[in-house]
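A.B. asks: Handing you a structure now.
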Amino acid sequence: MRVDVVSIFPEYLAPLELSLIGRARATGVLDVAVHDLRTWTHDVHRTVDDTPYGGGPGMVMRPEPWGEALDALAPPGAEPPPRLVVPTPVGAPFTQAMAHELAAESRLVFACGRYEGIDQRVLDHAATRMPVTEVSLGDYVLFGGEVAVLVIMEAVTRLLPGVLGNVDSLAEESHAHGLLEAPVYTKPPSWRGHEVPEILRSGDHGRIARWRRDQALLRTAARRPDMLAALAPGELDKKDVAT
Ligand SMILES: NC(=S)c1ccno1
């Protein structure tokens with residue numbers, strides 16, 4: 001997968017050189033390039049923003065630098081075009097399902113907005129020649145899109161073949177089946193008066209799987225009833241809590 005990130009603070013994306021994402025880049029699973037939007041400015045002050053039409057507080061990111069950046073990173077006619085991903089409070093909720101969708105793309109271009117946002121015409125024009133996904137991590141406002149890109153990149157990269165050593169963990173983690181994951185334990189069996197549930201030490205893998213499924217259902221019902229409601233009826237029947 002090839003990923004381009006455009007930001008006025010490219011140093012914010014330095015964590016993409018670390019840990020498993022850094023290893024994915026080193027092994028060729030991932031090719032990441034971070035670009036300074038000011039590369040595509042032509043005035044002495046390298047201006048990327050201006051006052052909003054219609055008045056109001058703050059500044060808006062000018063369309064011209066963004067248009068030239070996207071022309072350079074996604075030349076018209078290049079096939080397949082990349083998906084443009086724009087982290088924004090007005091975007092669609094970012095979910096594990098969306099992480100899987102993005103992980104299936106061959107190219108992603110992330111546009112990191114700042115100030116009051118990017119001139120809408122940038123997204124409207126981009127949408128005439130590439131898929132555009134406006135995505136929100138949650139109902140809150142950040143200084144800009146950079147931190148959101150780090151989160152999205154981690155969620156997407158870990159789904160790519162060859163990145164996670166143990167792909168089995170993808171199958172059982174939270175949100176993998178529309179449920180929250182069951183609690184996990186390791187040695188010692190007793191710690192500060194807290195015991196590991198006996199069943200996990202029983203060696204009965206069938207009962208352990210059932211216990212974990214039940215715990216996942218109970219946890220989801222308690223913390224995320226919306227996820228339980230979203231399960232297809234057949235799914236819930238299959239995952240009934242043990243009597
Ligand atoms: N909620 C998100 S993703 C965001 C981006 C910029 N500000 O908030």
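A.B. asks: Against the definition (touching a strand residue (DSSP E or B) at 6+ places or on another chain (Cβ under 6 Å) and within 15 Å of the ligand (Cβ to nearest atom)), how does Glu116 come out, yes or no? Reasoning before the result, please.
C.D. replies: Details: touching a strand residue (DSSP E or B) at 6+ places or on another chain (Cβ under 6 Å): yes; within 15 Å of the ligand (Cβ to nearest atom): yes.
For Glu116, the condition - touching a strand residue (DSSP E or B) at 6+ places or on another chain (Cβ under 6 Å) and within 15 Å of the ligand (Cβ to nearest atom) - is met.
A.B. asks: If you don't mind, there's one more thing I want to ask. Can you find, within the stretch 151-163, the residue that is nearest to the ligand (Cβ to nearest atom) among those that are open to solvent by less than 40 Å² (accessible area, probe 1.4 Å) and more than 22 Å from Glu11 (Cα to Cα)? First the steps, then the outcome.
C.D. replies: Step one: filter the stretch 151-163 for residues open to solvent by less than 40 Å² (accessible area, probe 1.4 Å), giving 152-153, 155-157, 159-160, 163.
Then keep just the ones that are more than 22 Å from Glu11 (Cα to Cα); that gives 159-160, 163.
On the way: Leu159: 19, Leu160: 22, Val163: 23 Å.
Among them, the one singled out is Leu159.
Results for (1) closer than 25 Å to Met227 by Cβ; (2) touching a residue at least 60 places away in the same chain (Cβ under 8 Å), shown as yes or no for each residue.
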| site | (1), (2) |
| --- | --- |
| Pro82 | no, yes |
| Met98 | yes, no |
| Leu123 | no, no |
| Ala148 | yes, yes |
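A.B. asks: Need the failing condition index for Leu73 against (1) modelled with pLDDT of 95 or more; (2) under 22 Å from Val29 (Cα atoms); (3) open to solvent by 60 Å² or more (accessible area, probe 1.4 Å), just the number.
C.D. replies: (3)
A.B. asks: Please list, ordered by first then second residue, the pairs with beta carbon atoms under 8 Å, 6 or more apart or interchain, first in the stretch 60-76 and part of a helix (DSSP H, G or I), second among the acidic types (Asp, Glu).
C.D. replies: As it stands, the answer is Pro63/Asp119; Trp66/Asp119; Leu73/Asp4, since those pairs meet every condition given.
A.B. asks: Looking at (1) within 28 Å of Val34 (Cβ to Cβ); (2) in contact with a Leu (Cβ under 8 Å, 6 or more places away or on another chain), which one does Ala176 not meet, given that it meets all the others?
C.D. replies: Unmet condition: (1).
A.B. asks: Taking the residues in the stretch 1-21 that are in contact with a Pro (Cβ under 9 Å, 6 or more places away or on another chain) and over 20 Å from Thr88 (Cα atoms) as candidates, determine which candidate is modelled with the lowest pLDDT.
C.D. replies: So, considering only residues that are in contact with a Pro (Cβ under 9 Å, 6 or more places away or on another chain) and over 20 Å from Thr88 (Cα atoms), the one modelled with the lowest pLDDT is Ile21.
A.B. asks: Still on this structure, I have one more. For Leu102, work out the one condition from (1) open to solvent by less than 30 Å² (accessible area, probe 1.4 Å); (2) near the ligand (Cβ under 10 Å from one of its atoms); (3) assigned to a helix (DSSP H, G or I) it doesn't fulfil.
C.D. replies: Leu102 satisfies all of (1) open to solvent by less than 30 Å² (accessible area, probe 1.4 Å); (2) near the ligand (Cβ under 10 Å from one of its atoms); (3) assigned to a helix (DSSP H, G or I) except (2).
A.B. asks: Does Arg46 satisfy being in the same structural domain as Leu73 (by TED's automatic domain parsing) and in contact with a strand residue (DSSP E or B) (Cβ under 6 Å, 6 or more places away or on another chain)? Walk me through it before giving the result.
C.D. replies: Values: in the same structural domain as Leu73 (by TED's automatic domain parsing): yes; in contact with a strand residue (DSSP E or B) (Cβ under 6 Å, 6 or more places away or on another chain): no.
No.
A.B. asks: Further question: Look at Ala171 and say whether it is open to solvent by less than 50 Å² (accessible area, probe 1.4 Å) and modelled with pLDDT under 95.
C.D. replies: On the way: open to solvent by less than 50 Å² (accessible area, probe 1.4 Å): yes; modelled with pLDDT under 95: yes.
Criteria met by Ala171.
A.B. asks: For residues that are near the ligand (Cβ under 9 Å from one of its atoms) and open to solvent by 70 Å² or more (accessible area, probe 1.4 Å), tally how many sit in the stretch 120-150.
C.D. replies: Looking only at that region, the number is 5.
A.B. asks: Let me ask something else about it. So is Val90 within 16 Å of the ligand (Cβ to nearest atom), within 18 Å of Glu146 (Cα to Cα) and exposed (fewer than 15 other Cβ atoms within 10 Å of the Cβ) or not?
C.D. replies: On the way: within 16 Å of the ligand (Cβ to nearest atom): yes; within 18 Å of Glu146 (Cα to Cα): yes; exposed (fewer than 15 other Cβ atoms within 10 Å of the Cβ): yes.
Yes.
The values are calculated or read from the model by the stated rules, or taken from the named source; none is laboratory data. This structure is a prediction, so every number in the text was calculated from the model and none was measured. With ideal geometry, Cβ positions are generated from the backbone for all residues, glycine too; neighbour counts draw on all protein chains shown. The area values use the complete protein model at the heavy-atom level, side chains included, leaving out ligands, DNA and RNA. Shrake-Rupley method; radii C 1.70, N 1.55, O 1.52, S 1.80 Å.
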